[in-house]
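Participant: Submitted below is the structure of interest, expressed as structure tokens.
Every number in this text was worked out from the coordinates using simple rules, so none of it is lab data. Computed from a predicted structure; not experimentally measured. Note that each Cβ is placed from the backbone with ideal geometry, even for glycine, and that neighbours are counted across all protein chains shown.
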Amino acid sequence: MIQITREERHWFLEIAARALIDHIGAAEPPVPVEEILDHPPDVYQEDFGVVDMYSNLWDATFARPPGQRGSIFVRVDLPAKERRLALARETLSAMITSKHGRDLGLPDLLMSELKDSAEYFASFLLAPYAFVQAFRAQGGSEELFGELFQLPAAVAEARW
Amino acid sequence: MSMQALNQLVARSIIDPGVVQAFRAGRIGEVLDELGFTTDLRAQLSGIESDSWAEFAVISYRYVKSAEAQAPRLQFPSPVEGLLATQAQADQEQVA
């Protein structure tokens with residue numbers, strides 16, 4: 001794999017997030033993350049499961065048990081905004097490790113910077129550039145931004 | 001325009017296995033024809049040699065970004081020049 005810059009990786013992640021948003025037909029915030037996972041593109045049918053778990057160790061993690069559908073195991077008691085972020089973040093792991101993701105070459109592109117990639121992907125899945133621009137153009141305020149887009153405070157601050 | 005076309009291509013590849021299948025079969029040119037790339041860029045992108053689709057996408061991004069940076073911007077005449085030209089023409093008509 002060629003060396004790629006952070007900017008190039010971020011460009012790719014932003015487009016990948018946009019592809020999922022376009023697939024579900026979302027036209028305004030909040031982006032329906034759980035709906036994307038419930039009705040994924042055909043190529044991710046075996047990868048976008050969600051399993052609620054009781055755990056104190058992590059908020060969410062993606063796993064692919066042998067011979068079974070890949071699923072995001074998410075803590076059942078997470079606040080709604082934190083749950084959306086955790087699911088959005090782990091969606092990238094589901095994509096990277098899927099058959100289609102491997103066919104695309106996503107592991108070589110993204111695995112070495114997985115944490116940064118997952119956080120960047122999640123922030124653009126929850127707050128895509130076009131939605132943020134439209135919200136600003138309509139005079140939306142920073143205070144309303146996090147509420148309308150259903151973002152945890154840290155993500156709202158970073159994307160504003 | 002070409003960056004928009006590349007974004008469409010990469011977004012499509014994320015959810016449509018047909019793109020990577022065409023790439024692997026050496027038929028990516030047919031997919032590029034469906035999008036709004038310039039003739040030069042289309043030729044450049046068709047000639048990219050890469051180990052994976054993701055690598056192809058990143059190299060394509062470099063080509064498109066470079067091409068858009070070098071593309072001449074639309075040059076409109078300055079409003080002042082326009083007035084001067086009109087003035088000059090009016091002067092000539094007056095002399096005639």
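Participant: Just want the ordering: B:SER2, A:SER55, from fewest to most Cβ atoms lying within 10 Å of their own Cβ. Spell out each step's value before the answer.
Facilitator: Values: B:SER2 21, A:SER55 15.
Neighbour counts put them in this order, fewest first: A:SER55, B:SER2.
Participant: Amide H to amide H, which residues 5 or more places from A:VAL50 or on other chains are under 5 Å from it, using H placed in the peptide plane?
Facilitator: So A:VAL50 has HN proximity to A:ILE72.
Participant: Sticking with this structure for a sec: What ³J(HN,Hα) values, in whole Hz, does the Karplus curve 6.51 cos²θ - 1.76 cosθ + 1.60 give for the stretch A:132-139 when θ = phi - 60°, with x put for Gly and Pro?
Facilitator: 5, 4, 5, 4, 5, 4, 8, x
Participant: Reachable lysines from A:LYS81, Cα under 20 Å, same-chain residues fewer than 8 places away excluded?
Facilitator: Result set, ordered by chain and number: A:LYS115.
Participant: Another question about this same structure. In peptide A:15-22, what is the residue-averaged number of other protein chain Cβ atoms found within 10 Å of each Cβ? All intermediate terms of the calculation are to be shown ahead of the outcome.
Facilitator: Values: counts 11, 5, 2, 5, 9, 3, 1, 5.
What the average comes to for A:15-22 is 5.
Participant: What angle, in degrees between 0 and 90 and rounded to the nearest 10, separates the Cα long axis of helix A:80-97 from the longest principal axis of the Cα atoms of chain A?
Facilitator: The angle comes out at about 40 degrees.
Participant: Another one. Averaged across the residues of B:47-53, what count of C-beta atoms belonging to other chains lies within 10 Å of each residue's C-beta? Present the calculation step by step, with values, prior to reporting the outcome.
Facilitator: Values: counts 0, 0, 0, 3, 4, 10, 5.
That average works out to 3.
Participant: Right, something else. So what's the back-of-envelope 222 nm ellipticity for chain A, counting only DSSP H runs of four-plus at -39500 (n - 2.57) apiece and dividing by all residues, rounded to 500?
Facilitator: Working: 9 runs with 91 residues, N = 160.
Computed ellipticity for chain A at 222 nm equals -17000 deg cm²/dmol.
Participant: What does the average come to when, for each residue of peptide A:1-8, you count the partner chain Cβ atoms lying within 10 Å of its Cβ? Spell out each step's value before the answer.
Facilitator: Details: counts 6, 8, 1, 7, 3, 0, 2, 6.
That works out to 4 on average.
Participant: Further, regarding this structure: For the stretch A:86-116 and the stretch B:1-33, compute the distance between their C-alpha centroids and round to whole Å.
Facilitator: Going from one Cα centre to the other spans 19 Å.
Participant: Using per-residue counts of other Cβ atoms within 10 Å, averaged over each peptide, order A:100-111, A:144-155 from highest down. Show your work: numbers first, answer last.
Facilitator: Numbers: A:100-111: 20.2, A:144-155: 17.4.
Packing order, densest peptide first, comes out as A:100-111, A:144-155.
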